[in-house]
Each structure stands twice: as C-alpha cells, then as structure tokens.
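Have a look at the structure below, then the notes.
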C-alpha cells in the first residue's frame, strides 16, 4: 500500500480512537456528576472539530484553541481536559502532517495557554492536578512534532520508492538501448548483405540464361557468395553472443567495411590517406552495384582539411554504406544512380540519388522512410551537429548526409 494511503487510514484510526476515548470518559464523568450538560456540549464540539480536522485542519484547530481557552479559564469545565486531551493532540498531529509551521505554532500556543491559565493564574478547577497540566503542556507540542516526523518518514519512503523506480527505469532504458543497437546491427549488417546477395544471385540467373557461364566463372561466383554467407554467419553468431550475455554490441566490429581509425586525442589522420580511403570506398560501392546490374556514377570533390576530428570520417563512411545498401534494395536498375562526396572547409557531405523502383520490384514501404539504418544514421549525424535530409522529385529520391568539421583540441 502506498505511504499516502497508509497515512489516510492511520489518521482516521487516530481520530476514531480519540473520539472513543473521550466518549468513555465523558460518560463516566456524567455518571458521577463531574460535568454538566454544558460541558458535554463543549466536549462534543471539540471532538467534532477533531473530525473536521481531516478536511479543514487550520480552521478546525483554530476553533479548538479558542475552546481550549474557555475550558481552562472556567474552573467548572477544567475536568474536560482529561477526556478531550487526545482529541486536541490528534488534531495537532493531523495539522502538522500537512502544515508544519502552523502545527508547531498552535501546539506551542495550546501548551502555553494551559500553563498560563492553570499555573500562573491559579484557575485549577475542582480537582487540580499539576501532573496532568505538565503532561498536557509537554504532549501537545509533542503531537505536533509527531505529525512532522510522520510526514518526514513518508517523504523518505517516497524518495526511496522514486529512487527504486528511477533505477528500474534506467535498467529499462539500458535494455531498450541494447535492443535498438542489436536491431540496428542486424539491419545494417545482415539485411543489407542478404539483400545484396539475393539481388546478385538474381542477376547471375538472368545473365546466365542469356549467356551460360564457364565452369571457372561458376566457381568464382560461388566462392564469392560463400564468402558473403560466411561473413553473415559471423555477424549472426556475434549477435547471438551479445544476446546470451550482457556485453554491449559493437556494430563496427562486424561491419562489411573496415577502415582504420586514429586516436582523436593524438592527431588528425593524414588527409591524403583519408582521401584515398574515400575513393576506395566509393569504388567498392560502385563495383558492388555494377556486379548486380546497376548503373552508377561516383564522384568526390574538394580537399580535406589539415585539422579535423576523425569521428567525422566514420559517420561519412557509414553514410556511404547505408546509401549504397538503400539503393541496392530500392533503386530502379533501369535508371542511373549517383553517389558522391563534397568536401568544403566547413563540412563534408555524402549524397545519393536514384529512381525508386516503385512496382517494378517487390519491397516494403520502408523504402520511403529508409528503415532503421537511416534512422540510426540520422541520430549519429545529429549528435555530431550534422543533418540527414531526404528529397523526392517524382520517382527520383535523394539523400544528403552533412557533417561539420570539428577541429581537434577545440
């Protein structure tokens, strides 16, 4: 049960207990003739205000304090303090739970009223009891502090519950991120390569129907397809290992292209070497697409800066991979495709353009959204201050991945 609900039940029980205690003692006093009917009316009013405290604590206890002055100031009514004392204390506890400062102030005020009227003014009633006066004088403020203590305990319990909920939410977010990483890896590595393998086999079947291949050609093609299958098996096994353990997956470790990375804390990689790697990567993408019957043109313009963060290059290489896979899966083989890199002093952009296959080849509507791979690429680019945009003009769709240069040491 939540702590607030426990308090709601506890305060009702406390009010009922004080009410029952007061009724029993008032009945006894009425039998022995200690109090008259006026005292019974005042006692009923005090206990009724104790119940009202559950809804309007400040107003009810202010009125109780007024009645407290009258009960203690009139000697004939002073015996009412013993049966009504729990009602005053319970009301102060309920008030202090919700409003700390008013609860403490009224608790001290009621205690001071009892001390001043009974001990200083000598209005001690028919059966004076200094011990009872002292108990009441101490217990009334104590009831206020008890209410504050219960509220503090409830706050601590709520904070612990929130802390446990926050920790649980963190675990949920970590697991969600882990699953998204695995899903992105499966999309980027497995589905893209499977799509390429299927299209390549379809292209082989069509080409060999027109012109049968020689045995050496069959053998070379089967070897290459077997290499792709072995690569896919390796990726699937590494993904299964991640699923069976709690080790975070490293998408770069199973990528279809491996590019050397330089520690960003040391120096920028050699610009000429990185430019050659871009040229080689574009040539690899062009070869893959031409092998399965696509017409594609690649280009690279501009010069690499001397000082830059190599993580920018990783994002561009990932963009080349994703754009190539996207064109293999969704582009029309009858129209030319393009893939190019543009380098400026402020940023670097990789762009692809192709005619959508439409109904000429079976695929899902994810061709219009780019699927999970492009979504992940968009988040990666945004984290580096870049953008991933998509344009569509009729059947022609184009993607642009722009990443600004970040200088090392700044």
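A few comments on the model shown:
- Taking region 332-342 as the range and being buried (at least 21 other Cβ atoms within 10 Å of the Cβ) and over 38 Å from the mean Cα position of the chain (by Cα) as the test, the residues that pass are 337, 339.
- Residues of region 343-372 classified as more than 13 Å from residue 388 (Cα to Cα), at pLDDT 90 or above and surrounded by 19 or more Cβ atoms within 10 Å (Cβ to Cβ), total: 3
- Leading residue by the ranking (modelled with the lowest pLDDT) among those in region 55-68 that are surrounded by fewer than 15 Cβ atoms within 10 Å (Cβ to Cβ) and within 17 Å of residue 8 (Cα to Cα): 55
The values are calculated or read from the model by the stated rules, or taken from the named source; none is laboratory data. This one's a predicted model, so the numbers in the text were calculated from it and none came from an experiment. Positions of Cβ are generated from backbone atoms using ideal geometry, with glycine treated the same way; all protein chains shown enter the neighbour counts.
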